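**Student:** To start, I am sharing the structure in question, which I have written as structure tokens.
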Amino acid sequence: MSGERRFRILDALVDGTNGEITSVRLCDVCRTVTDMTGAGIMLMSGDLPLGSACTTSDVSALIEELQYTLGEGPCVDAYRLDRPVLEPDLAHPSMPRWPAFTGPALAGGVRAVFGFPLAVGAVRLGALNLYADRPGPLTDDQHANALVMADIAAEALLLMQAGGSLGELAAELEAGSNFGYVVHQAAGMVSAQLDVSVAQALVRLRAHAFGNQRPIAEVAGDVVARRLRFDGEN
Amino acid sequence: MRSDVQKGASGPGSVDIPRETLLAHTLVELADSLVADFDVIDLLTLLADRCVDVVDVAAAGLMLASPDGELRVLASSSEAMRVLELFELQADEGPCVDCYRSGEPIVNLKLADHDTRWPRFSPRAIEGGFRSVHALPMRLRGQTIGALNMFRIDEGPMREPDVVAAQALADVATIAILQHRAVRDAQILNEQLTRALNTRIAIEQAKGVVAERANLDMEHAFARLRRHARNHNLRLTDIAQAISSKAMPVSALDP
């Protein structure tokens, strides 16, 4: 059924939170929907503050610290290659990689580790960090959940920058308005108007939508139709 | 018929070439484009354009399902907002989503007759000047990954040879998206679908940058990106990325 995974994840995100945003909750849902031992969100783009957005455990924090310090690992690769990087058996990898990362990660109890890129079009934000304390590949279901989760997490990160709430994001995603290409066309236009990155332009569009209590797609439509500018040159 | 859904006046459809010849030309052209490292969005846009030339339709678009089963527009013969919106609307209802869910072709449906089936889509499509809609599944070994959607201005049925030709184009699209690689499992398929959809978003962002800087509408902004990519034998996706990240100024694009 169309959108089922997305709705399940959105429900999990907002369930009992009265819509208030917390990155801790975001991370926790990343872990539960993918049925992993631990999860984290690594920010790696220059467009947002670099560093960990959240981790569910000390081991997840270690996985991220190692990668920030060493500049290698599954999340670094996922971000650089812009595709999921899967290592189902870190102790016996099919190909040797991450020579500095692997030893300390194994010592920390990591047996399988997976990185999924966080991107919204050309905007690349970082990577979703998932690990398990026993080796084994992701099932097709876990893998599909992780892809959808990464999509939602990327949107959620931009939204947090705009001061919005997960509840609002959930409503927007459920209404489907978030995926209108018009939002992305408008983000490109606003980025040129303000000479900022597309990531920052997406944040500005969102903030404007929240501030004026209008759907983001409607605001974006005004930008594309040249009824609204963000540089004050109306 | 409005100008933005007209067939390209300089396209092969404007002269009286038999459809079989056009189809053969198109398949050769597409095969030539399926080189290593081709750009999937560029190829699929070409395919949508050719679909309009080869088959008697006013607009054609390809919609692809995300790993979550949600349909999104990947390429269309017209970038006019009105047309794109009609495609987008079908994430919720319309011939494309019905075709995707059933895996069966939906052909020759007159729009006025189906207002109860698609209460939101039909009035908007009619308002856009369309009278009949057609959708053919994009299938890979029994799994439907998306659909080719076609709009016509008249109500008459699509001829059977046109349906066959359009299905051939839909099949080429499926191969293109899967990028030659044998899809071993659902995970690789899902990764490729996700990647293709994200690429399209990146192109929309770049269109916005070009539209603002060069004071163009989205259709012309897209045409400019594509033209530059083709002229310099670069991937459309890479140009879009460079423009969005401001690594390349819009003024450096070919006019």
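The values are calculated or read from the model by the stated rules, or taken from the named source; none is laboratory data. Just so we're clear, the structure is a prediction, and the values are computed from it rather than from any experiment. Cβ sites come from the backbone with ideal geometry, for glycine too, and all protein chains shown count toward neighbours.
**Student:** Could you pull out every one of the helices (runs of 4 or more DSSP H) wholly within region B:129-242 that has 1 or more residues that are of a type in the set (V, I, T) and either assigned by TED's automatic domain parsing to the domain that holds B:D39 or under 27 Å from A:R124 (Cβ atoms) (or both)?
**Tutor:** By residue number, B:160-177, B:186-214.
**Student:** Let me ask another. Quick check on my filter: what residues within region A:187-199 are among the small types (G, A, S) and under 19 Å from A:L157 (Cα atoms)?
**Tutor:** Hits for region A:187-199 are A:A187, A:G188, A:S191, A:S197, A:A199.
**Student:** May I ask you to list the residues in region B:159-179 that are over 19 Å from B:L71 (Cβ atoms) and either in contact with an Asp or Glu (Cβ under 7 Å, 6 or more places away or on another chain) or at pLDDT 90 or above (or both)?
**Tutor:** B:D162, B:V163, B:V164, B:A165, B:A168
**Student:** Now a separate question. Specify which of the listed residues (B:V133, B:V172, B:V163) is closer than 18 Å to B:T45 by Cβ and touching a residue at least 24 places away in the same chain (Cβ under 8 Å).
**Tutor:** B:V172
**Student:** Something else: Based on what the data block shows, is A:A105 in contact (Cβ under 8 Å) with a residue 60 or more places away in the chain and out of contact with any Pro (no Cβ under 9 Å at 6 or more places or on another chain)?
**Tutor:** In short, no.
**Student:** Just need a number here: residues in region B:129-142 that are closer than 19 Å to B:L71 by Cβ, surrounded by fewer than 20 Cβ atoms within 10 Å (Cβ to Cβ) and in contact with a helix residue (DSSP H, G or I) (Cβ under 8 Å, 6 or more places away or on another chain).
**Tutor:** Looking only at that region, the number is 2.
**Student:** I'd like to know if region B:193-200 contains one or more residues that are farther than 23 Å from B:V35 by Cβ and within 15 Å of the chain's Cα centre (by Cα).
**Tutor:** no
**Student:** State whether the residues of region B:237-244 include one that is surrounded by fewer than 20 Cβ atoms within 10 Å (Cβ to Cβ) and β-branched (V, I, T).
**Tutor:** Within region B:237-244, not a single residue is surrounded by fewer than 20 Cβ atoms within 10 Å (Cβ to Cβ) and β-branched (V, I, T).
**Student:** Of the residues B:M150, B:M218, B:M158, which single one is buried (at least 17 other Cβ atoms within 10 Å of the Cβ) and within 14 Å of another protein chain (Cβ to nearest Cβ)?
**Tutor:** B:M218
**Student:** Considering only region B:204-213, I want to know if a residue exists there that is more than 8 Å from every other protein chain (Cβ to nearest Cβ) and surrounded by fewer than 23 Cβ atoms within 10 Å (Cβ to Cβ).
**Tutor:** No - not one qualifying residue is present in region B:204-213.
**Student:** When the residues of region B:51-73 are filtered to those that are more than 8 Å from chain A (Cβ to nearest Cβ) and either acidic (D, E) or free of Cβ contacts under 8 Å to residues at least 24 places away in the same chain (or both), which remaining residue is surrounded by the most Cβ atoms within 10 Å (Cβ to Cβ)?
**Tutor:** Taking the candidates together, the pick is B:D53.
**Student:** Which of the numbered conditions does A:T139 fail, given that it passes all the others? Conditions: (1) touching a residue at least 40 places away in the same chain (Cβ under 8 Å); (2) more than 18 Å from B:A202 (Cβ to Cβ).
**Tutor:** It fails just one condition, (1).
**Student:** If I ask for residues that are modelled with pLDDT of 80 or more and in a loop (DSSP other than H, G, I, E, B), which ones from region B:71-90 would you list?
**Tutor:** B:S77, B:S78, listed by residue number.
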